[in-house]
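Structure, as structure tokens:
The values are calculated or read from the model by the stated rules, or taken from the named source; none is laboratory data. This structure is a prediction, so every number in the text was calculated from the model and none was measured. Positions of Cβ are generated from backbone atoms using ideal geometry, with glycine treated the same way; all protein chains shown enter the neighbour counts. For accessibility, only protein heavy atoms count, side chains too; no ligands or nucleic acids. Shrake-Rupley method; radii C 1.70, N 1.55, O 1.52, S 1.80 Å.
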Amino acid sequence: METKKTQVAIIGAGPSGLLLSLLLNKQGIDTVILERVTGNYVLGRIRAGVLEQGFAKLVRQAGAGHNMDTLGEVHHGVELAIDDKRVPIELTKLTGESVIVYGQVDITRDMMEEREKRGIEAIYEASNVQPHDVKSDNPYITYEKDGVKYKLECDYIAGCDGFHGVSRKTIPDELKTEYERVYPFGWLGLMSDTPPINDELIYAKTKRGFALASMRSKTRSRYYLQVPLTDKVEDWSDEKFWEELKKRMPKDAVKNLVTGKSIEKSIVPTRSFICEPLQYGNLFLVGDAGHIVPPTGAKGLNLAASDVATLYKILTRVYKQGDKKCIEQYSPIALRRVWNGVRFSWWMTDLLHNFGDDKDFYTQRMESSELEFFLNSEAGKKVIAEQYVGLPYEDLE
Ligand code: APR
Ligand code: PHB
């Protein structure tokens, strides 16, 4: 077995792992990333594309913000629609903040390139990655690469390995609580090289189910339809998708819909999941490894970013000031913001989707009334806007 050494070992080269490694590198803190699949495989996963300003600032701090700032689009509003009634939520007017529309694949590629340029070590296609002795002062990870077994010694382990990763499983069951809600529908997404239907994103609630019109650029659109969990991508030809989208988007927006051949189509399940706590000894869970939200509200990537921000501040204090005690602040600080994002995503999901017979008639009426109440009031719209642009990051004590 060959032995290697680093200060912070990072499991997973998704957005969380990459962002953390770039930030720590700026502070002179050494990291090694272990990733199960290839870089191209990571880039093949198409996900959301709405970045809060807090995330954008971190990416700039990490030295990977150039493309985001030149190619990303700043959005000052978003629309909610109930059938044909469109309600603008003027983010900047209501909160002074905006969001940036820039794809997760693009931001991941930018961070991958920056990592390579700065010579930060990442080992792709590392198999059997396993953390050990995480409660001790000498944790380590074992893994295999090209048939050779390795031991990576470190001070801390950042579990940035997503929902199906190994890090969360390292925390004994009796020491963690997992909260989960699986929704009875999926999101069918379609990407096409066609101009977006509207300048702003449209989240639409209809009797036929939820739909979302989003975009990546002036010439690339991303649309979603709520579909039953039993549906398969093969059930949805492009034509069938466009026909259904036309029925769910507000009529005066449909006039601007340009259809075309899909360049990607996939179905994602929707769930909320939170693991408490997010720290076990010298192991930290970051991003999807510790929590998942349904995509309504676009909070997944942004909550991963606030975890990274907190862990980055903690590890910087540990290495610069020798204050090891502050690591205990990670889980409470990260979880406060996570629960808020979980609550907002749940609220948006519950109010905008059609749950069919899963919700009784009374509950459905109550929810329609609640949504109307929020959308008919400036205060209500401000509450939505504040959460959509993202709550501020909490500082360490
Ligand atoms: N060993 C090494 N790497 C692993 C392992 C393992 N056992 N298990 C998973 N990984 C890798 C995955 O291959 C993936 O590249 O960890 C990475 C985790 O990346 P993501 O799932 O993208 O999670 P994260 O980086 O936290 O990204 C934040 O929030 O809601 C979302 O869509 C959003 O993906 C985004 C996420
Ligand atoms: C996307 O563009 O993929 C997207 C945007 C907003 C969401 C979810 C997904 O809430």
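A few points about this structure:
- Peptides 75-81, 215-221 ranked from most to least packed, by the mean per-residue count of other Cβ atoms within 10 Å: 75-81, 215-221.
- The ratio of the alpha-carbon radius of gyration of the range 257-369 to the globular-protein estimate 2.2 N^0.38 Å is 1.42.
- Long-range HN-HN contacts of Phe185 with modeled amide H, under 5 Å: Thr270
- If the segment from Asp357 to Asn40 were pulled out straight at 0.36 nm per residue, it would be longer than the present Cα-Cα gap by 110.0 nm.
- The residues of the range 74-182 expose, per residue, 49 Å² of accessible area to a 1.4 Å probe.
- Other residues within the sphere of radius under 12 Å centred on the Cβ of Leu188, judged by their own Cβ, net out at -1 (K and R +1, D and E -1).
- Stretched out straight at 0.36 nm per residue, the stretch from Gln321 to Lys261 would grow longer than its current Cα-Cα span by 16.0 nm.
- What the phi angles of the range 331-340 give under the Karplus curve with 6.51, -1.76 and 1.60, with θ = phi - 60°, is a coupling list of 4, x, 5, 4, 5, 4, 6, 4, 4, 5 Hz, glycine and proline written as x.
- The chain: relative contact order in percent, alpha carbon pairs under 8 Å with at least 6 residues between: 20 percent
- Heavy-atom accessible area, probed at 1.4 angstrom with all protein chains present, ranks Ser16, Ser127 as Ser127, Ser16, highest first.
- C-alpha long axis of helix 300-321 to longest principal axis of the chain, angle in °: 30 degrees
- The figure for Glu178 is an accessible area of roughly 90 square angstrom, using a 1.4 Å probe on the protein chains alone.
- Residue-level accessible surface for Lys205, protein heavy atoms, 1.4 Å, Å²: 40 Å²
- For Ala122, neighbours were defined as the other residues whose beta-carbon sits under 10 Å from its Cβ, and their charges (Lys and Arg +1, Asp and Glu -1) total -2.
- A helix-only calculation puts the chain at -11000 deg cm²/dmol for mean residue ellipticity at 222 nm, using -39500 (n - 2.57) for each DSSP H run of at least four residues, averaged over all residues.
- With coordinates expressed along the principal axes, the C-alpha atoms belonging to the chain extend over 63, 41, 39 Å, beginning with the largest.
- Probe 1.4 Å - accessible area at Arg109, Å² to nearest ten: 90 Å²
- Here the spin labels are modelled as points 7 Å beyond Cα on the Cα-Cβ line, and at Asp235 and Glu2 they lie 4.9 nm apart.
- Out-of-range pairs (alpha-carbon distance over 23 Å; input Lys26/Lys176; Lys207/Lys255; Lys4/Lys57; Lys5/Lys324; Lys85/Lys247): Lys26/Lys176; Lys4/Lys57
- Relative to the current alpha-carbon distance between Trp339 and Glu178, full extension at 0.36 nm per residue lengthens the span by 56.7 nm.
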